[in-house]
Structure formats: structure tokens, C-alpha cells
Amino acid sequence: MKAVYIESQGGVEVLQYGDLPEPQIGLYDVKVRVRACALNRLDVYTRSGGRGRNRDLTEPFILGIDIAGEVVEVGPEVTNTVVGQRVVLYPAVPCGQCRFCKAGQEHVCQKRQMLGSTLNGGYAEYVVAPSINVYPISDSLSFEEAAAMPTTFLPVWTILIKTAHLRPWHTVLVPSASAGVGAAAIQVGKNAVGATVIATTSSPEKIQLAYDEGADYVIDYTKENVAERVKEITNGEGVDAVVDHVGASFWPDGFASLTPGGYYGICGVTSGFKTELQMGAVFTKQVHIFGVSMGSQESMREIVNLANRGIIRGKVHKVFPLEQARQAHEMLEGMSFFGKLVLAP
Ligand SMILES: [Zn+2]
């Protein structure tokens with residue numbers, strides 16, 4: 001099969017396009033003909049070895065976490081899907097044995113594997129995954145839109161729905177709306193909940209796109225003071241929840257914008273991972289600060305259910321043929337886009 005793989009870590013030049021053997025399925029696995037695989041910042045770290053992802057590669061490794069396609073083969077024990085089914089894949093493969101897995105908190109499993117990160121992923125014509133990772137998608141959802149969803153919507157869902165219990169009368173702050181997570185957070189806040197959404201972004205074009213996604217207010221963080229604007233918009237009350245996928249550069253504004261009793265979810269630190277925390281404010285304002293990495297299978301089911309009904313959908317900026325993975329990675333590192341970049345093997 002055609003695949004894009006790495007045999008060593010480094011710049012975009014380590015991404016090689018060529019032929020690899022097709023993966024074989026086990027008793028409980030499915031084989032999926034990949035139709036779309038969305039790029040993720042984690043792909044860059046796995047490719048480059050940055051952010052603690054240095055590793056020795058003993059054989060060609062296939063990146064690609066967010067995968068949609070058609071089931072082409074099922075293991076003899078598989079009962080939940082059939083050949084020909086259009087599906088999107090839950091990317092994490094928990095160990096199933098640790099105390100978190102046993103408690104139904106498989107998304108906290110510290111031994112979990114991940115498609116495209118520790119298991120071969122979707123930069124290829126075919127991928128194999130456990131059948132429990134498969135979620136059917138409706139014909140109204142394109143493969144590209146579906147592939148753009150798991151790693152963007154799962155952390156957002158965990159923050160806003162599972163933890164902050166966002167309600168229509170709440171307000172949520174979404175920094176950097178142009179990132180996949182940003183667009184997902186606007187949609188969950190607006191379309192799934194009906195809350196008020198304040199987004200930040202950096203250019204007139206992106207501001208319009210953030211409004212198009214459903215934001216009620218959009219702040220240009222290059223020209224305006226975010227914390228002050230949030231204060232004005234919320235009549236001094238602050239926001240009930242923050243979806244922080246940006247990290248250090250956003251923290252001072254984000255934390256200052258949080259209402260007493262509010263929820264501050266951290267699901268990414270693209271701009272840096274160290275900051276100063278006013279510990280006194282944490283208990284006097286009685287705020288909740290918490291970390292989220294992905295989400296549970298239950299959250300995945302709820303997300304796909306809403307997507308199949310057209311209420312939320314992955315935001316796709318551009319689709320590249322598989323052999324242009326290097327160009328796609330260059331664009332991903334350049335940050336000049338709105339939504340997800342997708343490979344179509
Ligand atoms: Zn586990």
C-alpha cells in the first residue's frame with residue numbers, strides 16, 4: 001500500500017512517501033481504507049522528536065491520529081461493524097487492565113496506545129484498529145469533516161460538557177479560534193449548548209471565519225487587550241469556562257477573564273508550557289483549573305451522534321493528496337489557516 005512514514009525523526013524531509021506492506025487484522029480488529037486523515041500538532045512532535053517525543057525507530061512508522069474511511073475487512077470476532085461501513089476512528093487504544101480503565105476512565109489510562117503516535121496511523125491507504133474504536137458516520141458527513149473531529153472535539157467536549165457542565169446561560173472564552181480545537185470549541189459552545197461564545201484570533205479574515213463558525217464576539221488579540229474586552233462584554237462578570245489550547249502566552253488574559261467558580265480547562269500548550277499561577281486567586285475565586293488530554297469513548301459517541309445529525313462538524317481548511325504530506329506539515333507549522341489540514345490517501 002502507499003503510505004507516508006518516518007524512519008528517523010527530524011524536519012519535513014523525514015516524511016517519506018512509498019510502499020509498505022498492508023497491515024494484518026487480529027480477531028477483534030477492523031481494517032479501514034483510509035479516505036481522510038487530519039493533521040495534528042502531535043504529528044509534528046512525533047515527526048521531529050520535540051516535546052519529549054524522542055524515540056528510536058526500529059521500523060518505518062506511519063503518523064496520523066485522526067482517521068476516517070471505509071471498513072474493508074473485519075476480524076472473525078467483530079460484531080459491531082460490517083464491511084462497507086463509513087466510519088471515524090477513536091484514536092486511543094487503552095490498556096483495558098489498569099485501575100483507570102477498570103473505572104471507566106479509559107481516557108486517563110497511562111498505558112494507552114494511540115493511532116499515529118505509538119501505533120501505525122492514517123497516513124496510508126489502510127489502517128488497522130480495534131473494532132471498539134470504530135464509529136459509523138452518516139452520509140451527510142464527509143470523510144474530511146469526520147477526520148477533522150476526534151482530537152479537536154474530544155478535549156473540548158471533556159472540558160465544556162463533561163467538566164464545566166456548560167449551559168445556555170453561560171459564556172465561554174475560546175482563544176485562537178483558527179486552530180482546529182478553537183473551531184470545535186466555538187461549535188460545541190454555540191451549536192451543542194447554545195452558550196455565548198467569545199473567541200480570539202488575529203486577522204480580519206480569521207475574525208470573519210470565527211463569526212461564521214458561530215462566535216458571538218471575536219477579539220483581535222493583536223490589537224485589543226483580551227482580558228479588558230472580556231470584562232466589557234460580560235459586564236465585569238467574566239466567563240464561566242475557558243478552553244485553553246494555547247498555553248503560556250494566553251494564560252494571564254485567560255485566567256483574569258474567569259468568573260468566580262469558573263472552569264479553566266487546559267488541553268494544549270502550543271505557545272509554551274510554563275507560567276505563573278496566583279495561588280491565592282485560585283481559592284478566593286474558587287475556580288477549577290484542570291488538564292484534559294482527549295476524552296472518553298462515551299464522549300466520542302456523543303460527538304459523532306451530534307455530527308451525524310449535522311449539529312457539529314469538523315472544520316476543514318485544505319485537503320492534500322497523501323504524497324504532499326511534507327507540504328501539509330509545512331503549512332501546519334506556518335499557522336496561516338483556519339481549521340484542519342487533511343490528507344486524502
Ligand atoms: Zn489502562
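The values are calculated or read from the model by the stated rules, or taken from the named source; none is laboratory data. Values in this document were obtained by computation on a predicted structure and should not be read as measured data. Counting neighbours? That spans all protein chains shown, and the Cβs are built from the backbone with ideal geometry, glycine included.
Selection over segment 130-139 of residues that are within 16 Å of the ligand (Cβ to nearest atom) and either free of Cβ contacts under 8 Å to residues at least 40 places away in the same chain or of a type in the set (A, V, I, L, M, F, W, C) (or both) gives a count of 1. Of the residues in segment 91-99, at least one is modelled with pLDDT under 95, buried (at least 21 other Cβ atoms within 10 Å of the Cβ) and assigned by TED's automatic domain parsing to the domain that holds Pro23.
Here is a check on your reading of the model: is Val127 more than 16 Å from the ligand (Cβ to nearest atom), over 17 Å from the mean Cα position of the chain (by Cα) and over 30 Å from Gly11 (Cβ atoms)? I'd like the intermediate steps shown before the answer.
Numbers: more than 16 Å from the ligand (Cβ to nearest atom): yes; over 17 Å from the mean Cα position of the chain (by Cα): yes; over 30 Å from Gly11 (Cβ atoms): no.
No.
For segment 1-52, a residue qualifies if it is small (Gly, Ala, Ser) and either under 16 Å from Gln324 (Cβ atoms) or touching a residue at least 12 places away in the same chain (Cβ under 8 Å) (or both), and the qualifying residues are Ala3, Ser8, Gly10, Gly11, Gly18, Gly26, Ala36, Ala38, Ser48, Gly49. Consider segment 107-117 and keep the residues that are surrounded by 14 or more Cβ atoms within 10 Å (Cβ to Cβ) and not aliphatic (A, V, I, L, M). The one that is farthest from the ligand (Cβ to nearest atom) is Gly116.
Every residue in segment 288-305 that is surrounded by fewer than 19 Cβ atoms within 10 Å (Cβ to Cβ) and either part of a helix (DSSP H, G or I) or more than 15 Å from the chain's Cα centre (by Cα) (or both), please.
Selection gives His288, Ile289, Phe290, Gln297, Glu298, Arg301, Glu302, Asn305.
Within segment 71-83, can one find any residue that is surrounded by 14 or more Cβ atoms within 10 Å (Cβ to Cβ) and part of a helix (DSSP H, G or I)? No: zero hits.
Of all residues in segment 89-106, which are under 21 Å from Leu63 (Cβ atoms) and more than 8 Å from the ligand (Cβ to nearest atom)? Within segment 89-106, Leu89, Tyr90, Pro91, Ala92, Val93 meet the criteria.
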